[in-house]
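Enquirer: Before anything else, here's the structure in question.
The values are calculated or read from the model by the stated rules, or taken from the named source; none is laboratory data. Keep in mind that what you see is a predicted model, and the values were worked out from it rather than measured. Positions of Cβ are backbone-derived with ideal geometry, glycine not excepted, and every protein chain shown enters the neighbour counts.
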Amino acid sequence: MGAYRVILLVTLGVYLLLKGIGFVYGVALPSSVVSMYVFFTFLVTVLIISVTDKGALSLTTPIIEFLYKEEKKKLRKVVFVVLPFVLAFIAYAFTKPSYEEPFTLRVVHPAPPRIVNAYDRNIELEKIKNPIRELTGDAYEEAVHDGGEIYFKNCFFCHGAKLDGKGHFAKGLNPAPLPFTGKDTIAQLEESYVFWRVVKGGEGLPEESAPWMSVMPVWEESLKEEEVWKVVTFIYEYTGNEPRRWEK
Amino acid sequence: MIVVILLPVLSAASDIKDIYIEKCSWCHGNEGKGDGPASKFLRPAPRDLTEGVFKYRTSAEEKIKPTWDDVIRIIEDGLPGSAMPAWGGELSKAEVEEMADYILKLGKIEKPLPISVERFGEVKVNAESIERGRVLFKERCAECHGTFGRGNTTKRLKDDWGEVTWPRNFSKPWSFRGGYTREYIYSRITIGTPGTQMPSYDDPRNKKSLMPEERWDVVNYVWSLKEPYKEPRGRDLITALYVDGIIPDAFDDPVWSSAPYLSFYLNPQLKRAEKLYTPTIDSVSVKALYNEKVLTLLMEWDDFTKSVPGLRGSDKIAGGEHARDGFSVQMPLKGGGEFSEDERVYGVKPALEMGSSFRGVVDWLWRGPEKDKRDELLEFHAHGSGTLKEVPLSASVRFLSRYRDGSWQLMVKYPLKGTPLDFRSNDFTPIAFAAWDGSNMERAARHSLSSWAYLYLKPGYSFKPYAWGLGVFIITIIFEVVFIRRKRGKP
């Protein structure tokens, strides 16, 4: 296989791979990132090929043949006519003002901090347990019902009467409120994690989760600790989800 | 044996009550009295099901019975624009029917139920019919709905439960409770909206009643009032177009027709204290133009009322004391307008609403007029919650406003240089909007706001790229000529 064909195939492969990632995830990688990778792939492939003398020759020979060999005259004529137009277009395309919206790659469930300062104390997320789970029978049922009342006085406007993230004020929120139904949100999380997200709200998110976009309130300001646990228990009970547990 | 046969029947009855308690009681209350824990935060309030009043029924009879399909539709599809969600996917068809029976029983409504109102003499949509409808509408409907149907009522409206109500805004099809169809609009006009001041136009006692053909004319006029550009489509890039020349201080100048509207939902402020649960403004539409010197934003939002505290008419509609209308435009606070690479590439923005200690915001707040006081534009800076501080208005930021037919329009002109952030061609600036309806007692934290969007100043025509292209073209030819000459020189 000719050296140029290798370069072309490798570069094209990397380009398609990067575009494919965007296609699979529904959010395209920014073209600046794609072109950077493609450029370096091209460069590195050329470098690798030209490490050996033979490789270097395989790169230069076709060019020399093209420029000087009598048999290539026809091709040479065509290229010499087309080349100025191609380069002129590239120059135009590069200087033309381009507008690509700044993008935000947002981590929906970022790694939690080890220690959260809430309710005037430091809480170790790994160690904290949901006190409502210790209750049994009627006391537990009552706590869950209390959680429901808290939910419908505070949360349902955005997270929805069906807990599906489609409350009557969810329209136009970006990021959209999380649904609790389904198996891919709270079912994947520990209760202590959900507790952290509720008490610290959008402002408590790390930078990679774009805290400036979220309108999730900091609930420690308006709900008591016990009330937060009640509502956390309620959203699990209502949706039939189990919190993630590490120990069996 | 009897027990075995009866058991499924009994358990079915208790099952539907269980489902009601689990899903519906939070708003409608355990006994259906509309007094669930969420009820205080909702407007329209959840229906008291024991009264058996159905606002969005389509039945012809004067008695207040709904049709079976009405009850099924409300449960299955919900009521768009209210907190009542569509339960269709959640409950099975059989459960929906059981629930309909359960709700009818709560309302002491006995079967048989009536059928839908008959729609005689349909007149298709055409220019003549719309024109006839316009005349009739102006005469019989505009008092409450406004000439262009944006719900800008001239009087304070209340429902039978003593709550203030606002007429439907016909320019926003997404707010129609029964879905946006001509048949539905016809039913509403014919039957009215039970429980509210919307009367039946079929009722001979209504002095303004209409013949069926006339009702269709009004339907067709109402149908023509939709303004689809107002419906937000989830896009968040406002493109400011370059204008070669001046941008006049006039809303109706033809220069604006070249700029497209981009619309955003406004959601009530529910993040910090003084939350707003019952907003009246739900969207804003924005246009932007700029020239060598100024960036001009044109914002348009529907507001049922022009709230002018102290003016008798305005006080009357608002029901007494009320606040001034308001609107604000927020952008990041930047010395010199330099955006860091982070902000440019990763879209880093200030925290929504008030910014944060390390990323501040500048907020241009327009406050509507009050008695003996003109409207004004104020400038605030903030670095996080509770740090809002008024500063002198940046030099030569100017504004223009008008209220017309249920819509506020606000034009703000920012010099490209000379405000806390510089605007440059080809720049992206984070931007957010907020609105206050004074008649809804919205002030300070009680307001509606958008998420962050971007404002982009699209470069105007430039010869630069063409010059580059031409230059490269000529240089390439020179190289080729030189090469060919040298080659010919060689044997």
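Yes or no, residue by residue, for (1) surrounded by fewer than 19 Cβ atoms within 10 Å (Cβ to Cβ); (2) at pLDDT below 95; (3) touching a strand residue (DSSP E or B) at 6+ places or on another chain (Cβ under 6 Å):
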residue: B:54; (1), (2), (3): no, yes, no
residue: B:71; (1), (2), (3): no, no, no
residue: B:74; (1), (2), (3): no, no, no
residue: B:86; (1), (2), (3): yes, no, no
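Enquirer: Which number in (1) touching a Lys or Arg at 6+ places or on another chain (Cβ under 8 Å); (2) among the charged types (D, E, K, R); (3) within 15 Å of residue A:113 (Cβ to Cβ) marks the one condition that residue A:146 misses?
Expert: (3)
Enquirer: Right, something else. Check the range A:208-218 and report whether any residue there is surrounded by fewer than 19 Cβ atoms within 10 Å (Cβ to Cβ), over 23 Å from the mean Cα position of the chain (by Cα) and not polar (S, T, N, Q).
Expert: yes
Enquirer: Hey, another quick one. For the range B:110-138, name all the residues that are crowded, with 17+ Cβ neighbours inside 10 Å and of a type in the set (A, V, I, L, M, F, W, C).
Expert: Listed by number, the residues that qualify are B:113, B:117, B:123, B:130, B:136, B:137.
Enquirer: Which residues, taken from the range A:75-111, are hydroxyl-bearing (Ser, Thr, Tyr) and closer than 21 Å to residue B:428 by Cβ?
Expert: A:95, A:98, A:99, A:104
Enquirer: Taking the range A:172-195 on its own, how many of its residues are in a loop (DSSP other than H, G, I, E, B), touching a Pro at 6+ places or on another chain (Cβ under 8 Å) and not aliphatic (A, V, I, L, M)?
Expert: So the answer is 3.
Enquirer: Kindly indicate the residue of the range B:441-491 that is among the hydrophobic types (A, V, I, L, M, F, W, C) and closer than 18 Å to residue A:76 by Cβ and also nearest to the other protein chains (Cβ to nearest Cβ) among those meeting that condition.
Expert: Among those residues, the one meeting the criterion is B:477.
Enquirer: If you scan the range B:55-81, which residues turn out to be touching a helix residue (DSSP H, G or I) at 6+ places or on another chain (Cβ under 6 Å) and in contact (Cβ under 8 Å) with a residue 24 or more places away in the chain?
Expert: Residues satisfying the conditions are B:57, B:58, B:71, B:72, B:75, B:81.
Enquirer: Can I ask one more? Tell me yes or no: at least one residue of the range A:132-155 is touching a strand residue (DSSP E or B) at 6+ places or on another chain (Cβ under 9 Å), without any contact (Cβ under 8 Å) to a residue 12 or more places away in the chain and either under 30 Å from residue A:199 (Cα atoms) or surrounded by 15 or more Cβ atoms within 10 Å (Cβ to Cβ) (or both).
Expert: Checked the range A:132-155: no residue is touching a strand residue (DSSP E or B) at 6+ places or on another chain (Cβ under 9 Å), without any contact (Cβ under 8 Å) to a residue 12 or more places away in the chain and either under 30 Å from residue A:199 (Cα atoms) or surrounded by 15 or more Cβ atoms within 10 Å (Cβ to Cβ) (or both).
Enquirer: Still on this structure, please answer the following. Can you find, within the range A:64-100, the residue that is farthest from the other protein chains (Cβ to nearest Cβ) among those that are assigned to a loop (DSSP other than H, G, I, E, B) and either surrounded by 14 or more Cβ atoms within 10 Å (Cβ to Cβ) or of a type in the set (Phe, Trp, Tyr) (or both)?
Expert: A:99
Enquirer: Can I ask one more? Only one of B:110, B:98 is in a loop (DSSP other than H, G, I, E, B) and more than 14 Å from every other protein chain (Cβ to nearest Cβ). Can you tell me which?
Expert: Only one candidate qualifies: B:110.
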